[in-house]
Amino acid sequence: MLAAAIAATLLLAQEPTLAEIDAKLRKAVDRDSYEAGAVDSARALAAMRSVEAMELRLELFDAKWATYRGVFLRDWLYSGMQRAETREEADLLARAAADKKRGEWLRVLCLRAIEQCSARVDGELLFDPAFARAPDEVRRAWQAAAGACLGAARADFDKPAGASAARAALLEAGAPFLGLARLPDWTAEEITAVGRAAEGAKNPGDRALALRTAGANPAGREAFVAAARVALRREECGPRAAAIETAGAHGAIELVPDLIAFLEAEAKRGGGRFVHDAAETLRRITGLPFGPKPEMWRHWWTKEGAAWLERSRAEADGRGAGEGVARQAESDTVSARFFGLPVDSFRIAIVVDGSGSMSASKLGAISTVEAAAREVEKFCTALPRDAVFQVWIVETTPSAAFNKAMPANGAQREKGMDFLRKRAYRSTSAVVEAIESASLDPDIDTIVFIGDGGSSAGKHAYDEHILEALRHVYARTGVRVHTILVTDNTAHEDLMKDLAGATGGRMAKPSGSSG
C-alpha cells in the first residue's frame, strides 16, 4: 500500500501544471518547438477541468491555425472542450461561440462541444439572438446545440418563462430547424415549419436536414412524406438521400409507390447510385427481395400493393431502424469498378491523397500515384457516355482538375491522369476540406477517396474528429464516400472503414500495397 501511494504521489508530481502547459503551447510555433512536447501538453490540457483550462483552450485555438502541425494541437483543444462538466466551462464555450471576433470553425466546435457534453449552460447566453444571424455552419451548429440543451433540460433560465421563449426562438430561427429535433410534443406550427423547410428551403442542404428531422419525429411523419415526394422528383443529391434513407430508417410505408416510380425513372435514365438506394429502402420497408428491378416492384405493387399498404397500416409494424443505407450486394447493373470496388454511380469525384506517402508507396511494381492514374483511366472508360467526373488532390488547400465535373471521355480522362501525375505529392493533407469540397459539387453524388486516411492540416487531424465532421457533411449533401486504402499502414484503417460505412459506401484495400 505504501509503495502504491508513493508511486501515485510521484506520478502526480510529474504532471505538468497549467502554467507549464501554457508556456509550452505558446512556444509551439515551428517544428522544433512543436516536437519539444507540444502534443503531450495539449493532451494534458484536454484532461484538465477548470475555468482557467477552458479559457486557455479558447485563447489558443485560433492562434494555432498558422503554426506548424497546429491542427494536432487544435484537435486536443477541441477534445478538452467536449469534456466540459461544469456550467462555468459551458458558459465560456457559449460566449466564445457568440463572439464574432472568433474564428468560424472555433465557434462551430464550441457549439458542438456544448451539444455533446453533460454540462449545464446559461440559457440567456446560449439563446443569444445573434446566433440566428450567424454564418450558416455556425447557425446550424447553434440550432443543434440549443435544441439538445433545451430537450435535456440543461439550459438554465433566470425567468420561469425562459424555456418557452427559447423554444419560440428555435422556431423563429428558420431552416433547417435542427433545434426542434430533440424536442418532444411538436406543435402544429412547428410541424408546419419543419415541413415547409424540408420541401422548400432555398439551400438543398437545409432541405436535407429538415427532411431527416421531420422523418425522425412521429409528429412530423405526414410533413416528411409530403416533402420526401417532392425531393424524389428533384435532382439534388442531399434531399434525395435524406428522403430515401429516412424512409427506410423509419418504415415510411406511404412512400412505397413513390419509391417504385423513382426507381423506374432512375433505371430508365441508365441506372446509377440511387437505383440501388431506392431498391434497398424498398426491401427494408416491405421485406421483399426484388432488388434494383423496377418491373418486379411495379408488378407486385399493381397486384398486391393496395392490400399490402392497408395491412401494413393496420399492423403499424414500424419496420426499419438505424441510419444510412444497409446495402445489398450490387447487381450486374454496376458498370464500373475502382481497384475492384463496384461503384454504382455516374456522377463521381475521385479524391486522391496528396501527401508524400502517395509517391513513396507502391502498388505492385508501380507507385501508388501511377496506379491511381491508371485506375482513373480504366474506371472512366467503363462509365456510360453521359457520366461526369472530377478529380481532387488532398493538399493543404484542396485543388481540382477541372472547374466543374466533366464528361468521362478520352480527352478529359487524359487531363485527369495528367493532373494526378504532375502533382508534387509532398504537401500536408486536409482531408475534411477535400471531401467537403467534393461533396458540395451539385453534379456529384459519389466520392472515391484514395489514400491512407491520414490528415495533417485543415479542420481536423485525429480520426474521431474527422469522422464527426464528415458525418455532418454527409447529412447535408448525401454524397456517398467509398474509400481505397492504399498502404499496409493500418493506423487509419478504421477511419476509412467507418467513413465509408457512415455514408453507405465500402472500403477496399488493393493487394500489393506497401508504405
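Can you compute the charge dipole magnitude of the stretch 337-514 about its Cα centre, using +1 on each Lys and Arg Cβ and -1 on each Asp and Glu Cβ, nothing else charged? Give it in debye, rounded to the nearest 20.
On the way: 20 positive and 22 negative charges, 100 e Å.
Roughly 480 debye for the stretch 337-514.
Enumerate by residue number the trypsin sites (Lys or Arg not before Pro) in the stretch 60-169 meeting two conditions: DSSP loop (anything except H, G, I, E, B), and at most 10 other Cβ atoms within 10 Å of the site's Cβ.
Working: sites: K64, R69, R74, R83, R87, R95, K100, K101, R102, R107, R112, R120, R133, R139, R140, R154, R167; in loops: R69, R83, K100, K101, R102, R120, R154.
Here the sparse-neighbourhood loop sites are K101.
Does the stretch 44-150 come out rounded, prolate or oblate, given a ≥ b ≥ c as the square roots of the eigenvalues of its C-alpha gyration tensor, rounded meaning a/c under 1.5 and, failing that, prolate meaning a/b above b/c? Show your work: numbers first, answer last.
Values: a/c = 1.95, a/b = 1.26, b/c = 1.55.
Taking the square roots of the gyration eigenvalues as a ≥ b ≥ c, the stretch 44-150 is oblate.
Once you've got the Cα coordinates, tell me which of K268/K293; K415/K459; K415/K497; K202/K268; K362/K509 are over 19 Å apart.
Values: K268/K293 11 Å; K415/K459 29 Å; K415/K497 30 Å; K202/K268 29 Å; K362/K509 13 Å.
Violating the 19 Å limit, Cα to Cα: K415/K459; K415/K497; K202/K268.
How about the stretch 22-129: which GluC sites (Glu not before Pro) there lie in a loop by DSSP and see at most 13 other Cβ atoms within 10 Å?
Working: sites: E35, E52, E55, E59, E85, E88, E89, E104, E115, E124; in loops: E35, E85.
In loop regions of the stretch 22-129 (DSSP not H, G, I, E or B), the sparsely surrounded GluC sites (Glu not before Pro) are E35, E85.
Suppose we keep just the alpha-carbon trace of the stretch 249-318; what are its Rg and Dmax in angstrom?
11.6, 37
Taking the beta-carbon count within 10 Å as an exposure proxy, list K27, K459, K362, K303 from fewest neighbours to most.
Ranked by crowding around the Cβ, least crowded first: K303, K27, K362, K459.
Kindly provide the pair-distance distribution of the stretch 90-193 built from C-alpha pairs, with 10 Å bins from 0 and whole-percent values in order of increasing distance.
17, 54, 27, 3
Given the C-alpha centroids of the stretch 376-440 and the stretch 19-74, what is the distance between them in whole angstrom?
35
Give the Cα extents of the chain along the principal axes, in whole Å, largest first.
77, 68, 51
Once you have a ≥ b ≥ c as the square roots of the Cα gyration tensor eigenvalues for the stretch 194-330, tell me rounded if a/c is under 1.5, and otherwise prolate or oblate according to whether a/b is larger than b/c. Numbers along the way, then the final one.
Values: a/c = 1.70, a/b = 1.21, b/c = 1.41.
In terms of gyration-tensor shape, oblate.
I need two numbers for the stretch 324-476: Rg to one decimal and Dmax as a whole number, Cα atoms only, in Å.
Taking only Cα atoms of the stretch 324-476, I get Rg and Dmax of 15.0, 40 Å.
Any read-out appearing in this document is the output of simple, stated calculations on the displayed coordinates, not a laboratory observation. In this text, all values refer to a predicted model and were calculated from it rather than measured experimentally. Cβ coordinates were reconstructed from backbone atoms using ideal geometry, including for glycine residues, and neighbour counts include every protein chain displayed.
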